[in-house]
1. Under 16 Å from the Cα of Lys212, which lysines turn up, not counting those fewer than eight places away in the same chain?
2. What whole-number value in Å² describes the accessible area per residue of region 158-232 for a 1.4 Å probe?
3. If Lys and Arg each add +1 and Asp and Glu each add -1, what is the summed charge of the other residues whose beta carbon sits under 14 Å from the beta carbon of Lys234?
4. Quick one: among Ile47, Ile117, Ile185, which has the greatest mean-square fluctuation in a GNM of the chain with alpha-carbon springs under 10 angstrom?
5. Treating the Cα atoms of the chain as identical point scatterers in vacuum, please give the log10 of the normalised Debye intensity I(q)/I(0) at q = 0.15 Å⁻¹, two decimals.
6. Number of Lys pairs in region 52-193 with C-alpha atoms less than 27 angstrom apart, excluding same-chain neighbours closer than eight positions?
7. Any idea what the alpha-carbon Rg over 2.2 N^0.38 Å comes to for region 146-209?
8. Kindly report the accessible area of region 12-72 per residue (heavy atoms of protein chains, probe 1.4 Å, no ligands, DNA or RNA), in Å².
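The values are calculated or read from the model by the stated rules, or taken from the named source; none is laboratory data. These figures come from a predicted structure and were not determined experimentally. Every residue, glycine as well, gets a Cβ built from its backbone with ideal geometry; the counts of neighbours run over all protein chains shown. Surface areas here come from the heavy atoms of the whole protein model, side chains and all, with no ligands, DNA or RNA. Shrake-Rupley method; radii C 1.70, N 1.55, O 1.52, S 1.80 Å.
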Amino acid sequence: MEIRFFRTHSRLVEFIWPPLISEEILKALIKVQQYLEKEYGEGIKEIRKGYHTLSLKLQEEISEEDCQELIEEFKRIPAGPDDYPTKTWTLPVLYGGEYGKDLELLAKIHKLKTEEIIQMHSESVYTIHFYGFLPGFMYLGGLNPNLYTKRKERPERLIQEGTVAIGGQQTGIYPQESPGGWNAIGSCPLPLFDIQKKPPVFAQVGDSIRFKAIDLETYKKIKFQVQNGKYELKHD
(Lines give C-alpha, C1' and ligand atoms only; values in the text may rest on other atoms or scores of the structure.)
Protein backbone atom coordinates (compact mmCIF):
# COMPACT_ATOMS: atom_id res chain seq x y z
CA MET A 1 0.00 0.00 0.00
CA GLU A 2 1.15 3.51 -0.83
CA ILE A 3 0.58 6.47 1.50
CA ARG A 4 0.81 9.98 0.17
CA PHE A 5 1.27 13.25 2.03
CA PHE A 6 0.32 16.54 0.36
CA ARG A 7 2.65 19.30 1.54
CA THR A 8 0.66 21.94 -0.33
CA HIS A 9 -2.30 21.46 2.00
CA SER A 10 -0.22 20.40 5.01
CA ARG A 11 -3.31 18.85 6.64
CA LEU A 12 -4.21 16.17 4.13
CA VAL A 13 -2.98 12.58 4.29
CA GLU A 14 -4.12 10.07 1.68
CA PHE A 15 -3.88 6.28 1.92
CA ILE A 16 -3.84 4.66 -1.52
CA TRP A 17 -4.37 1.03 -2.52
CA PRO A 18 -4.16 -0.49 -6.02
CA PRO A 19 -6.86 1.02 -8.31
CA LEU A 20 -9.34 -1.86 -8.08
CA ILE A 21 -12.93 -2.44 -6.94
CA SER A 22 -12.13 -5.09 -4.37
CA GLU A 23 -13.74 -6.34 -1.15
CA GLU A 24 -10.27 -7.16 0.17
CA ILE A 25 -9.22 -3.53 -0.28
CA LEU A 26 -12.51 -2.37 1.29
CA LYS A 27 -11.83 -4.49 4.39
CA ALA A 28 -8.30 -3.09 4.69
CA LEU A 29 -9.64 0.45 4.21
CA ILE A 30 -12.23 0.01 6.96
CA LYS A 31 -9.63 -1.45 9.31
CA VAL A 32 -7.30 1.51 8.75
CA GLN A 33 -10.18 3.95 9.30
CA GLN A 34 -11.22 2.25 12.54
CA TYR A 35 -7.64 2.32 13.83
CA LEU A 36 -7.11 5.99 13.00
CA GLU A 37 -10.47 7.07 14.45
CA LYS A 38 -9.62 5.22 17.66
CA GLU A 39 -6.09 6.60 17.99
CA TYR A 40 -6.50 10.08 16.48
CA GLY A 41 -10.25 10.75 16.51
CA GLU A 42 -10.07 14.28 17.94
CA GLY A 43 -7.37 15.29 15.49
CA ILE A 44 -9.31 14.20 12.40
CA LYS A 45 -11.56 16.86 10.87
CA GLU A 46 -12.92 14.88 7.93
CA ILE A 47 -12.62 11.44 6.34
CA ARG A 48 -13.39 10.67 2.72
CA LYS A 49 -13.45 7.21 1.18
CA GLY A 50 -13.20 5.92 -2.38
CA TYR A 51 -12.88 2.45 -3.86
CA HIS A 52 -9.17 2.41 -3.08
CA THR A 53 -8.44 5.66 -1.22
CA LEU A 54 -8.86 6.96 2.31
CA SER A 55 -8.26 10.69 2.76
CA LEU A 56 -7.85 12.36 6.14
CA LYS A 57 -8.25 16.08 6.67
CA LEU A 58 -6.59 16.92 9.97
CA GLN A 59 -7.41 19.60 12.51
CA GLU A 60 -3.81 20.79 12.71
CA GLU A 61 -0.96 20.99 10.27
CA ILE A 62 1.25 17.95 10.04
CA SER A 63 4.89 17.95 9.04
CA GLU A 64 6.41 15.48 6.63
CA GLU A 65 8.38 13.99 9.52
CA ASP A 66 5.20 13.46 11.56
CA CYS A 67 3.52 11.95 8.53
CA GLN A 68 6.33 9.45 8.10
CA GLU A 69 5.96 8.46 11.76
CA LEU A 70 2.24 7.90 11.13
CA ILE A 71 3.07 5.72 8.14
CA GLU A 72 5.45 3.61 10.22
CA GLU A 73 2.86 3.34 12.97
CA PHE A 74 0.29 2.17 10.46
CA LYS A 75 2.62 -0.56 9.25
CA ARG A 76 2.56 -2.01 12.76
CA ILE A 77 -1.23 -2.38 12.89
CA PRO A 78 -1.71 -6.05 13.78
CA ALA A 79 -3.51 -8.23 11.28
CA GLY A 80 -6.69 -9.74 12.62
CA PRO A 81 -10.22 -10.83 11.77
CA ASP A 82 -12.77 -8.39 10.45
CA ASP A 83 -14.49 -6.95 13.49
CA TYR A 84 -17.15 -4.71 11.98
CA PRO A 85 -20.78 -5.89 11.67
CA THR A 86 -22.44 -6.01 8.25
CA LYS A 87 -26.01 -6.50 7.06
CA THR A 88 -27.62 -7.65 3.83
CA TRP A 89 -30.47 -5.54 2.45
CA THR A 90 -32.90 -6.65 -0.28
CA LEU A 91 -34.21 -3.77 -2.37
CA PRO A 92 -37.19 -4.11 -4.74
CA VAL A 93 -36.72 -2.97 -8.34
CA LEU A 94 -39.18 -2.53 -11.19
CA TYR A 95 -37.10 -3.18 -14.29
CA GLY A 96 -37.61 -1.82 -17.79
CA GLY A 97 -40.28 0.26 -19.50
CA GLU A 98 -40.53 3.90 -18.51
CA TYR A 99 -38.84 3.02 -15.21
CA GLY A 100 -35.71 1.66 -16.91
CA LYS A 101 -35.62 3.20 -20.35
CA ASP A 102 -32.10 2.00 -21.22
CA LEU A 103 -32.74 -1.68 -20.47
CA GLU A 104 -33.50 -2.61 -24.07
CA LEU A 105 -30.46 -0.66 -25.28
CA LEU A 106 -28.22 -2.62 -22.91
CA ALA A 107 -29.77 -5.85 -24.16
CA LYS A 108 -28.81 -4.88 -27.72
CA ILE A 109 -25.30 -3.80 -26.71
CA HIS A 110 -24.61 -7.06 -24.90
CA LYS A 111 -26.65 -9.22 -27.31
CA LEU A 112 -28.82 -10.51 -24.49
CA LYS A 113 -32.52 -10.65 -23.76
CA THR A 114 -33.88 -8.08 -21.33
CA GLU A 115 -34.85 -10.97 -19.05
CA GLU A 116 -31.22 -12.07 -18.99
CA ILE A 117 -30.07 -8.57 -18.05
CA ILE A 118 -32.58 -8.53 -15.20
CA GLN A 119 -31.54 -11.97 -14.00
CA MET A 120 -27.83 -11.14 -14.05
CA HIS A 121 -28.39 -7.85 -12.27
CA SER A 122 -30.69 -9.23 -9.57
CA GLU A 123 -28.81 -12.45 -8.80
CA SER A 124 -25.57 -10.71 -7.81
CA VAL A 125 -24.72 -9.63 -4.28
CA TYR A 126 -23.27 -6.11 -4.14
CA THR A 127 -21.09 -4.44 -1.52
CA ILE A 128 -21.35 -0.77 -0.55
CA HIS A 129 -17.84 0.67 -0.90
CA PHE A 130 -18.69 4.29 -0.18
CA TYR A 131 -21.29 7.04 -0.58
CA GLY A 132 -20.70 9.93 -2.95
CA PHE A 133 -21.87 12.10 -5.87
CA LEU A 134 -25.23 12.69 -4.16
CA PRO A 135 -26.29 12.22 -0.51
CA GLY A 136 -27.30 8.58 -0.26
CA PHE A 137 -25.79 7.49 -3.59
CA MET A 138 -24.31 4.03 -3.02
CA TYR A 139 -21.21 3.02 -4.98
CA LEU A 140 -21.64 -0.72 -5.31
CA GLY A 141 -19.06 -3.33 -6.22
CA GLY A 142 -20.01 -6.76 -7.51
CA LEU A 143 -21.59 -6.09 -10.90
CA ASN A 144 -21.52 -9.06 -13.28
CA PRO A 145 -18.72 -8.34 -15.81
CA ASN A 146 -21.14 -9.26 -18.62
CA LEU A 147 -23.09 -6.11 -17.71
CA TYR A 148 -20.19 -3.65 -17.74
CA THR A 149 -21.43 -0.74 -19.87
CA LYS A 150 -19.70 2.55 -20.53
CA ARG A 151 -21.43 5.69 -19.37
CA LYS A 152 -23.38 7.81 -21.81
CA GLU A 153 -21.36 10.25 -23.88
CA ARG A 154 -24.01 12.89 -23.19
CA PRO A 155 -25.40 12.75 -19.65
CA GLU A 156 -29.16 13.07 -19.16
CA ARG A 157 -30.31 16.38 -17.72
CA LEU A 158 -32.69 14.66 -15.34
CA ILE A 159 -32.62 11.16 -13.89
CA GLN A 160 -35.64 10.32 -11.73
CA GLU A 161 -35.33 9.59 -8.01
CA GLY A 162 -34.95 5.86 -7.37
CA THR A 163 -33.50 5.08 -10.79
CA VAL A 164 -31.34 1.95 -10.78
CA ALA A 165 -28.54 2.30 -13.30
CA ILE A 166 -25.28 0.89 -14.61
CA GLY A 167 -22.18 2.97 -15.32
CA GLY A 168 -18.90 1.29 -16.25
CA GLN A 169 -18.17 -1.50 -13.79
CA GLN A 170 -20.66 -0.15 -11.25
CA THR A 171 -24.34 -0.14 -10.47
CA GLY A 172 -26.20 2.19 -8.15
CA ILE A 173 -29.43 4.00 -7.33
CA TYR A 174 -30.07 7.71 -7.78
CA PRO A 175 -31.43 8.84 -4.37
CA GLN A 176 -32.93 12.02 -5.79
CA GLU A 177 -33.57 13.73 -9.10
CA SER A 178 -30.28 14.64 -10.70
CA PRO A 179 -28.39 14.90 -13.96
CA GLY A 180 -26.62 11.63 -14.69
CA GLY A 181 -24.76 9.64 -17.31
CA TRP A 182 -25.46 6.09 -16.16
CA ASN A 183 -27.75 3.70 -18.04
CA ALA A 184 -31.20 3.40 -16.42
CA ILE A 185 -32.50 -0.17 -16.14
CA GLY A 186 -35.13 0.10 -13.40
CA SER A 187 -36.52 1.95 -10.40
CA CYS A 188 -36.45 1.30 -6.65
CA PRO A 189 -39.55 2.61 -4.77
CA LEU A 190 -37.73 3.07 -1.46
CA PRO A 191 -36.21 6.32 -0.13
CA LEU A 192 -32.44 6.04 0.21
CA PHE A 193 -31.63 9.20 2.15
CA ASP A 194 -33.51 10.96 4.96
CA ILE A 195 -31.82 13.94 6.59
CA GLN A 196 -34.18 13.61 9.59
CA LYS A 197 -32.80 10.19 10.51
CA LYS A 198 -29.54 9.32 12.25
CA PRO A 199 -27.77 8.03 10.28
CA PRO A 200 -29.60 9.42 7.21
CA VAL A 201 -28.92 6.21 5.26
CA PHE A 202 -30.19 2.77 6.31
CA ALA A 203 -27.23 0.81 4.90
CA GLN A 204 -23.60 1.36 5.89
CA VAL A 205 -20.29 0.95 4.08
CA GLY A 206 -19.46 -2.75 4.01
CA ASP A 207 -23.10 -3.85 3.96
CA SER A 208 -24.43 -6.01 1.13
CA ILE A 209 -27.24 -5.16 -1.30
CA ARG A 210 -29.46 -7.54 -3.24
CA PHE A 211 -32.00 -6.48 -5.86
CA LYS A 212 -35.36 -8.23 -6.21
CA ALA A 213 -37.39 -7.85 -9.40
CA ILE A 214 -41.02 -6.78 -8.81
CA ASP A 215 -44.00 -5.99 -11.04
CA LEU A 216 -45.77 -2.65 -11.48
CA GLU A 217 -48.58 -3.49 -9.05
CA THR A 218 -46.08 -4.33 -6.28
CA TYR A 219 -44.07 -1.21 -7.08
CA LYS A 220 -47.13 1.03 -6.66
CA LYS A 221 -48.12 -0.80 -3.48
CA ILE A 222 -44.70 -0.24 -1.92
CA LYS A 223 -44.77 3.41 -2.98
CA PHE A 224 -48.12 3.82 -1.23
CA GLN A 225 -46.84 2.12 1.92
CA VAL A 226 -43.74 4.33 1.98
CA GLN A 227 -45.79 7.50 1.58
CA ASN A 228 -48.00 6.46 4.49
CA GLY A 229 -45.12 5.35 6.72
CA LYS A 230 -46.20 1.72 6.68
CA TYR A 231 -43.31 0.10 4.82
CA GLU A 232 -40.63 -1.53 6.96
CA LEU A 233 -37.34 -2.39 5.29
CA LYS A 234 -35.72 -5.40 6.91
CA HIS A 235 -32.25 -6.86 6.61
CA ASP A 236 -30.78 -10.35 6.87
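1. Lys220, Lys221, Lys223, Lys234
2. Ligands and nucleic acids excluded, the figure is 51 Å² per residue.
3. Working: positive: Lys87, Arg210, Lys212, Lys230; negative: Asp207, Glu232, Asp236.
Net charge in that neighbourhood comes out at +1.
4. Of the options given, Ile47 has the highest mean-square fluctuation.
5. -1.05
6. Lysine pairs meeting the criterion: 11.
7. That works out to 1.20 for region 146-209.
8. Accessible surface, normalised per residue, equals 59 Å².
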